[in-house]
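Participant: The structure's right below; bear with me while I get my questions together.
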Amino acid sequence: PLLALIYGGIRLIFWFSVHDGFVWLGGFILWVIAAAALTVLLFNEGVSFADNARTEVQQEYIIKSDTVYIKTGKTINELKYDNSILIPDNEYSVYISQDKRDISFHTRIRFQPTEGENMTVEIRKRSSGRNRNEALHKAESLIYNYRFSTDTLYLDEYASIPSGSKWSFDDVTVTVKIPQTKIVYLDNEMDDQFFRVHDHEFPSPVRRFYIMTEDGLQYIDPEKDKD
């Protein structure tokens, strides 16, 4: 259609006589073929996201000290990517490496209180596919790493899709359930990652300490709460 408009505009401006019936016919046939190909492509891509599924794993850790340290493992800055896509409303970003065909995306971090004495790390993975089994397989194949050492939990800032696989509305949510009255330390990257998503407004000192209450994390002001 765009080429037809350009050609028609040239005809109107310069007005020359030419037998161009076959040009219009050929253009129309080409437009029909292109529209049909686009319809098939959109249908096939849409079928790939017809169903979704999620998987969940939990791991419990014993906390012996009064303070739990939450630090960032691998960060987005360590990724080597060529393009990035940001979805502002969901605070969700996708990072694409063209050479290695690697795709990574931001994880979501949540902190919740628990009445137990131990800390629990819950990893929820979600993906889409042509059917539920395919979506579940894709969700299980998502790569996310974290580790716990003594009293410190290291959480990666991103999750990855297996190399060569396509992005399928993938999502990884990490929920850390911490016993009430425990002190929680968040390093700068982890603090920004959590409160950017949950839209809290807190001061930004170099170090941040919180206490886990029945309502969630509560900021400890070093000037007001010295005790």
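Participant: Taking the DSSP beta bridges in the chain as the whole, what percent of them are antiparallel, to the nearest 5?
Facilitator: 75
Participant: Another question about this same structure. Holding the Cα-Cα limit at 27 Å, pick out from Lys74/Lys166; Lys64/Lys177; Lys80/Lys177; Lys71/Lys182; Lys71/Lys177 the pairs that are longer than that.
Facilitator: Over 27 Å Cα-Cα: Lys80/Lys177.
Participant: So for the chain, taking the charge dipole from beta-carbon charges (+1 Lys/Arg, -1 Asp/Glu), which of Phe111, Gly26, Gln193 sits furthest toward the positive end?
Facilitator: The residue sitting most towards the positive pole is Gly26.
Participant: Next question, about the same structure. If you place +1 on the Cβ of every Lys and Arg, -1 on the Cβ of every Asp and Glu, and leave all else neutral, what size is the dipole of the chain about its Cα centre, to the nearest 20 Debye?
Facilitator: For this selection, approximately 860 debye.
Participant: Separation of segment 50-118 and segment 134-184 by C-alpha centroid, Å?
Facilitator: Cα centroid to Cα centroid, the span is 5 Å.
Participant: Still on this structure: Give me the percent of accessible area attributable to carbon and sulfur for the chain, probe 1.4 angstrom.
Facilitator: 54
Participant: Let me ask something else about it. Using a 1.4 Å probe and ignoring any ligands, DNA or RNA, find the accessible area of Thr150 and quote it in Å² to the nearest 10.
Facilitator: Counting only protein heavy atoms, Thr150 exposes about 110 Å² to solvent.
Participant: What number comes out for accessible area per residue over the chain if the probe is 1.4 Å? Units Å², please.
Facilitator: Averaged over the residues of the chain, the accessible area is 65 Å².
The values are calculated or read from the model by the stated rules, or taken from the named source; none is laboratory data. Just so it is clear, the model here is predicted, and its values are computed rather than measured. Note: ideal-geometry Cβ built from the backbone for every residue, glycine included; neighbour counts use all protein chains shown. For the accessible areas, the whole protein counts, side chains as well, though only heavy atoms, and no ligand, DNA or RNA atoms are used. Shrake-Rupley method; radii C 1.70, N 1.55, O 1.52, S 1.80 Å.
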